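What follows is a set of notes on a single structure, which appears directly below.
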Amino acid sequence: MMNDRENAFHIVAYCCHYCAYAAADLAGVLRLRYPAEIKIVELPCTGRIDAREILLTLEHGADGVMIAGCLEGDCHFQDGNINARRRIERLKQTLSEIGMDPGRIEMYNLSSAQGNRFAEVATEMTERIIELGPSPFRTMVRIEDAVESNP
Amino acid sequence: MTEKNTNGLKSGSNLERILREGHFAVTGELGPPQSADGAVIREKAELLKGYCDAANITDNQTAIVRMSSIGAGAIVQQEGLEPIIQMTCRDRNRLAIQSDILGAYALGTRNVLCLTGDHQSFGNHPTAKNVHDLDSVHLIQMVVKMRDEACFDCGDEMKGVEPRFFVGAAANPFGDPFEWRPYRLAKKVKAGADFIQTQLIYNTERFAEYMQKVRELGLHEQVYILAGIGPLKSPGMARYMRDQVPGLDVPNKWVDRMTEATKGIDKDDKKARRDAWRQEGISIAVDLIKELRQVEGVAGVHVMAIEWEEAVKPIVDGAGLLPRPELSPLPPSDPKKKAS
Amino acid sequence: MIVAEQKPLEEIKSLIADYQNVLVVGCGTCVTVCFAGGEKEAGILASSLRMATKLDGNTKQVDHLVVQRQCEWEYIDPIKEQVDKADIVLSIGCGIGVQALVERFPDAIVVPGLNTTFLGLPTEQGIWEERCAACGECILGLTGGICPIARCAKQLLNGPCGGSQNGMCEINPDTPCAWQLIYDKLESQGRLELIMEIFPSKDWSNSRDGGPRKITREDLRLAAEETE
Ligand code: SF4
Ligand code: SF4
């Protein structure tokens with residue numbers, strides 16, 4: 001069990017409630033397959049995402065983080081997804097400074113009707129992360145410690 | 001102030017006397033080298049000598065380090081060409097400027113041009129700290145005070161010889177806000193400027209508009225205004241100056257004339273094209289001088305042909321301004337004064 | 001407010017290279033509102049440093065905390081214990097905050113994580129602009145409320161220079177010419193006479209040129225300190 005957890009890739013997908021999360025839901029309903037590596041976290045809006053959370057996610061051993069919001073122009077909160085995009089761009093620079101491949105994070109936009117698109121980007125992201133290999137932090141962090149250090 | 005034994009002149013410089021005697025003055029410009037090579041200056045001085053009454057020696061122009069204007073000016077002086085020492089506020093504070101003024105005078109130079117200076121970000125030392133302790137208006141005031149009151153900026157009296165300069169300043173009729181420019185000139189006149197050299201003028205109509213205002217303020221009667229002239233070298237340069245250089249106004253008609261200059265010349269004949277352009281540039285400069293000379297209040301021209309000093313002679317000649325007036329030597333000054 | 005910007009991570013790493021336990025200290029005042037040294041930025045920086053040093057194979061312990069105001073003794077005194085425990089303190093307060101920590105904790109090694117840049121304001125979300133250079137003798141009353149010391153590239157008192165074009169400064173087409181702003185303001189208010197006269201040269205001795213400055217207000221001093 002322990003071994004499995006350590007060998008498997010973990011990609012955290014922060015999905016907004018109105019579009020991406022609904023799309024993921026739809027993908028399930030349509031019985032479309034998307035990789036098991038994807039762990040979905042629901043957000044009210046991608047505009048809610050904070051660079052610190054993404055960094056902590058990576059620091060605690062996630063191999064990749066995808067942020068999925070509504071199509072640009074369709075944000076339920078007007079432009080939360082555009083704010084998110086800018087933050088992700090900046091965060092990519094921070095990742096480069098840290099010495100991590102900025103490709104470990106990515107922002108996607110999709111509508112609630114795009115169940116298949118969700119499956120597609122989830123697969124794409126997973127392939128990319130597998131290509132990049134396990135996160136250097138995965139082996140360094142035990143989930144238990146991580147939880148403890150970030151109550 | 002009591003008039004010292006200066007033959008009624010402020011500085012006795014050639015330029016001052018030419019202007020005072022009512023001649024239409026011609027000044028040139030000489031850029032010192034980016035090295036310690038005095039020979040370059042002598043060569044350039046040779047190209048200007050006899051064709052202008054005095055030549056500006058630039059002070060780290062465009063914020064690129066060059067031989068000092070005072071050092072180069074002293075060499076020019078030895079060559080028999082009268083220098084106008086440019087002095088910017090960018091690189092020196094009031095102490096340094098005053099000591100340089102004393103040194104420049106002791107070396108025999110008699111004209112100084114007070115400038116703010118181009119910002120260092122344009123030059124080859126963009127990481128330098130700039131000074132701007134004074135601005136150009138304060139600089140004029142200070143040099144005039146040293147001359148007329150024989151005292152330093154702080155008010156301390158100067159013991160011994162005071163530097164008696166003919167003090168110049170720059171004016172850009174085409175900088176913004178256009179309506180404010182004559183008033184800024186008025187400040188420089190009030191500060192005590194004796195002569196003004198303007199930025200390059202290509203738009204004579206706008207310049208005439210500016211001069212109209214200058215005359216309304218009566219400034220042309222208090223200061224000698226020398227209009228800035230610069231020969232264009234190529235249509236590319238004309239376009240660049242039209243589009244890229246802040247504070248310049250180059251009307252399309254000149255750009256067109258430059259472009260048409262090579263009509264009928266084989267595109268591959270680079271030399272012929274270059275010569276045709278240069279010919280046209282000189283002829284435009286001549287036309288500009290002729291036009292500007294008609295403007296009331298213009299007391300002379302300042303011909304700026306940096307790195308093309310050869311052009312000065314044909315321009316001045318073409319404008320009918322040769323030979324330059326020969327002045328009789330000044331009577332020697334009072335020996336008692338000298339001994340002090 | 002005081003506006004600052006984080007230093008490149010590489011530089012910060014080299015500043016803390018020789019120490020193991022790092023304490024990042026943020027400040028809840030100016031640098032929080034300019035998003036350079038608040039709670040969030042302290043967290044991001046600490047996390048970034050933990051990750052970066054781990055990747056470099058020399059894992060450091062990096063903790064962070066934020067004080068309400070790093071430039072006042074009463075706010076920094078309470079963090080003494082954490083400071084004592086740390087091998088090095090990485091302050092992401094402004095330069096004043098850094099020095100306050102240095103003065104208050106004589107044994108601590110304190111290094112800056114920010115470049116303190118200017119006194120200014122956010123003109124819109126995400127954009128800050130300089131407004132004052134703390135010259136020590138404010139002349140805004142004579143310049144239509146626009147500062148030529150901080151906002152003119154040449155600190156002219158009798159501007160504008162010849163490079164002012166279309167309202168912009170010669171050094172940068174994105175930077176408004178301070179003197180054009182002054183002119184426009186005074187013109188629109190019919191107060192151009194304020195700049196008709198020559199503005200005398202400035203007494204820079206009130207500015208930084210006169211050496212470090214100090215203000216003493218006897219009326220505010222405590223009797224005990226006065227007799228010290
Ligand atoms: S004049 Fe001096 S004190 Fe006033 S805003 Fe400008 S720099 Fe600050
Ligand atoms: S263009 Fe305006 S702001 Fe820029 S240096 Fe000149 S006067 Fe100052």
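Structure summary
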item	result
Relative contact order of the range A:9-146, pairs being alpha-carbon contacts under 8 Å that are 6 or more residues apart, as %	37 percent
DSSP beta bridge pairing in the range C:45-199, given as percent antiparallel to the nearest 5	75 percent
Pairwise FRET efficiency - C:Gln61 versus A:Arg90, Cβ, R0 = 22 Å, nearest 0.05	0.25
Packing rank of C:190-199, C:157-166, where each peptide gets the mean count of other beta carbons within 10 Å, highest leading	C:157-166, C:190-199
B:Cys154 paired with C:Glu197, simple spin-label distance in nm, labels 7 Å along Cα-to-beta-carbon	2.6 nm
q = 0.13, 0.17 Å⁻¹, the range C:32-91: log10 I(q)/I(0) [Debye, one scatterer per Cα]	-0.39, -0.64
Rg/Rg_ref, chain A, where Rg_ref = 2.2 N^0.38 Å and atoms are Cα	1.01
Theoretical gain in end-to-end length, C:Lys80 to C:Ser188 [0.36 nm per residue, Cα-Cα removed]	33.4 nm
Exposure ranking of C:Cys132, A:Cys15, C:Cys169 by accessible area [1.4 Å probe, largest first]	C:Cys132, C:Cys169, A:Cys15
Shape category assigned to the range C:2-118 from the gyration tensor of Cα positions, a/c cut at 1.5	oblate
Gain upon complete extension [B:Asp287, B:Ser328; 0.36 nm per residue less C-alpha separation]	11.6 nm
Dimensions (Å) - the protein assembly as shown, Cα atoms, principal axes, largest first	109, 87, 53
The range B:120-273 - share of DSSP beta bridges that are antiparallel (%, nearest 5)	10 percent
Max mean-square fluctuation residue, GNM over chain B, Cα-Cα springs under 10 Å, options B:Ala39, B:Ala171, B:Ala299	B:Ala39
Whole-number percent relative contact order across the range C:2-118, with pairs defined as alpha carbons under 8 Å at least 6 apart	36 percent
The range C:139-210: C-alpha gyration tensor shape, a/c 1.5 cut-off, then a/b vs b/c	oblate
Relative contact order (percent, whole number), the range C:139-210, Cα cutoff 8 Å, 6+ residue spacing	30 percent
B:Asp269 versus A:Lys39: modelled label distance in nm, points set 7 Å from Cα along the beta carbon direction	8.0 nm
Number of partner chain Cβ atoms within 10 Å, mean per residue of B:111-122	3
Cα long-axis angle, helix C:95-104 against chain C (0 to 90 degrees, to the nearest 10)	40 degrees
Space enclosed by the convex hull of the alpha-carbon atoms of chain B, per residue, Å³	143 Å³
Helical contribution to [θ] at 222 nm, DSSP H n ≥ 4, -39,500 (n - 2.57), averaged over chain B, rounded to 500	-12000 deg cm²/dmol
Approximate spin-label separation C:Cys138-A:Thr139, in nm, with each point projected 7 Å along Cα-to-Cβ	6.1 nm
The range A:42-109 and the range C:1-74: distance between their alpha carbon centers, rounded to Å	21 Å
P(r), alpha carbons of chain C - 5 Å bins starting at zero, rounded %	1, 6, 12, 13, 14, 12, 11, 10, 9, 6, 4, 2, 0, 0
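The values are calculated or read from the model by the stated rules, or taken from the named source; none is laboratory data. If you're wondering where the values come from, they're calculated on a predicted model, not measured in any experiment. Here the Cβ is made from the backbone with ideal geometry for all residues, glycine too, and neighbour counts use every protein chain on show. Ligands, DNA and RNA are stripped out before the accessible areas are found, and what is left, the full protein with its side chains, is counted by its heavy atoms. Shrake-Rupley method; radii C 1.70, N 1.55, O 1.52, S 1.80 Å.
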